[in-house]
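Input: a single structure, listed below in structure tokens.
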Amino acid sequence: MKIDIDQEFKEICKQIIDEHKAEHEWTLIESSDMFQTEHYCGGYDATENAFCFSYYNEKGDEFWFQVTLDQIKRIMESKIPYLESSN
């Protein structure tokens, strides 16, 4: 399933970028629920070397996706218009 990148997720991406951390620094503070908003919950997973998120739509359905730090930078540059759910 495609998940359009909305302002809510862009705010999470901005928080991540504003931390100015490299991947190895994120591995030291990994957390599965570091970022929690109305529709998103997730954080950095050192095993995946990516930020793993759950997305909850208006019906309450849950979808999972992951994005790398590089992809987050590309999202902030408007180079990635949507995310792909793994379920």
Residue check for ILE5: surrounded by 12 or more Cβ atoms within 10 Å (Cβ to Cβ), at pLDDT 95 or above and touching a Pro at 6+ places or on another chain (Cβ under 9 Å): yes
Those residues of region 24-43 which are hydroxyl-bearing (Ser, Thr, Tyr), out of contact with any Cys (no Cβ under 8 Å at 6 or more places or on another chain) and surrounded by fewer than 17 Cβ atoms within 10 Å (Cβ to Cβ), in sequence order: THR27, SER31, THR37
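Being charged (D, E, K, R) and exposed (fewer than 11 other Cβ atoms within 10 Å of the Cβ): is that true of LYS21 here?
Numbers: charged (D, E, K, R): yes; exposed (fewer than 11 other Cβ atoms within 10 Å of the Cβ): no.
No, not satisfied.
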Tally, over region 1-40, of residues that are outside any loop (DSSP other than H, G, I, E, B) and of a type in the set (Asp, Glu): 6
Of all residues in region 58-87 being in contact (Cβ under 8 Å) with a residue 60 or more places away in the chain and not aromatic (Phe, Trp, Tyr), the one that is farthest from LYS14 (Cα to Cα): ASN87
Residues satisfying the stated conditions in region 44-63, i.e. over 12 Å from GLU23 (Cβ atoms), surrounded by fewer than 20 Cβ atoms within 10 Å (Cβ to Cβ) and in contact with a strand residue (DSSP E or B) (Cβ under 6 Å, 6 or more places away or on another chain): CYS52, SER54, TYR56, GLU62, PHE63
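With respect to LYS21, determine if the residue is of a type outside the set (Phe, Trp, Tyr) and closer than 22 Å to MET1 by Cβ.
On the way: of a type outside the set (Phe, Trp, Tyr): yes; closer than 22 Å to MET1 by Cβ: no.
It is false that LYS21 is of a type outside the set (Phe, Trp, Tyr) and closer than 22 Å to MET1 by Cβ.
The values are calculated or read from the model by the stated rules, or taken from the named source; none is laboratory data. Bear in mind the structure is a predicted one, so any value in this text is a computation, not a measurement. Note that we place each Cβ from the backbone using ideal geometry, even for glycine, and neighbour counts take in every protein chain shown.
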